[in-house]
Amino acid sequence: MKRKILITGLDSNLKTKLVELFLANNSIVAVSVDSKNKKQSQKNNNLIEIPWNSRSPLSAKNIILDCQNKLDGFDEALTIFSSEHNNKPIHEISSSDIEDNIDTSLKGNIFILKEIILYFQNKGTGNISLIHNINQNEILAPLYALSSGGLSALTKSLFASYQNEQLAINSFSSQSFEFEEYADYIFKNISERGKSVHGKLYKFQDRGMLKSFTIQKKK
């Protein structure tokens, strides 16, 4: 039986590579695409592209409904946390830039995560991987720091909040700019996962140095 996977998040090279890897492994993939862009011609019957407006909670609901109608649901969800770079000092950032960043980086991810978690809660099972596609360097520009710090704190909160639930939430992060190797690492760990584990933080490092540690184990 083919695995059915939902991949959401802002369009990026990392997301494109993950879609390619799971399709090559004969999985059925539903992927969110920026609703402002034209839908690509679908050359793979195992790929479903769903338009997504990251600012709209209704758009997040529609992604889940599309998956239910076209795939009869899904087993695995990958949500990619991304943030648009803005390296300006805070006093030079316009109010519209602040609103745009919060809408796309924070609110958009929360809208879709809420719907994914609700879907798995109703289903009684499911695996969520939070994929951090954000710079983890020591000192970040103010607006970027707000997004990356908020998403990191959200990950820890979700680990704690759902440790006694049937669904499992884990996360991936990287110190590297090698998105293809990072995608390979994510794919390998998800594909080879044995029993369900919750609260596991996977860290990818350069030169094939891979490590992971568990914060909480699924009961």
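Just so it is clear, none of the values below were taken in a lab; they were calculated from the coordinates. These numbers were taken from a predicted model, which means no experiment stands behind them. Here Cβ is always computed from backbone atoms with ideal geometry, including for glycine, and neighbour counts include all displayed protein chains.
In Å and from the alpha-carbon atoms only, list the Rg and Dmax of segment 74-131.
15.2, 47
I need the peptides 62-74, 98-110 ranked by packing, meaning the mean over residues of other C-beta atoms within 10 angstrom, with the highest value on top.
On the way: 62-74: 15.9, 98-110: 17.8.
Per-residue mean Cβ counts within 10 Å order the peptides as 98-110, 62-74.
Are there GluC sites (Glu not before Pro) in segment 1-98 that DSSP puts in a loop and that have at most 14 other Cβ atoms within 10 Å, and which ones? Let's see the in-between values first.
Details: sites: Glu20, Glu49, Glu76, Glu84, Glu92; in loops: Glu84.
Sparse-neighbourhood loop GluC sites (Glu not before Pro): Glu84.
What FRET efficiency comes out for the pair His85/Gln205, r = Cβ-Cβ distance, R0 = 30 Å, nearest 0.05?
0.85
If you scale each eigenvalue of the Cα gyration tensor by 5 and take the root, what three semi-axes come out for segment 94-158, rounded to whole angstrom and sorted largest first?
Square roots of five times the eigenvalues give 26, 15, 7 Å.
Evaluate E = 1/(1 + (r/R0)^6) for Asp103 and Lys156, where r is the Cβ-Cβ distance and R0 equals 25 Å; express this FRET efficiency to the nearest 0.05.
Values: r = 23 Å, r/R0 = 0.91.
Computed FRET efficiency for Asp103 and Lys156 comes out at 0.65.
Please give the length that would be gained between Ser95 and Gln121 if that part of the chain were fully extended, namely 0.36 nm times their separation in residues minus their C-alpha to C-alpha distance (nm, one decimal).
Stretched fully, the Ser95-Gln121 segment lengthens by 5.6 nm.
Counting only helical runs of four or more DSSP H residues, what would the 222 nm mean residue ellipticity of the chain come to if each run contributes -39,500 (n - 2.57) and the total is spread over all its residues? Write down the numbers at each step before the final one.
Working: 6 runs with 83 residues, N = 219.
After summing the helix terms and dividing by residue count, I get -12000 deg cm²/dmol.
Please compute the length gained on full extension between Leu58 and Lys195, using 0.36 nm multiplied by the number of residues separating them and subtracting their Cα-Cα distance.
Taking Leu58 through Lys195 to full extension adds about 46.0 nm, to one decimal.
For semi-axes √(5λ) of the Cα gyration tensor in Å, the listed values are (i) 25, 21, 18; (ii) 35, 19, 14; (iii) 49, 17, 15; which was obtained by calculation from the structure presented?
Recomputing semi-axes √(5λ) of the Cα gyration tensor in Å here gives the entry labelled (i).
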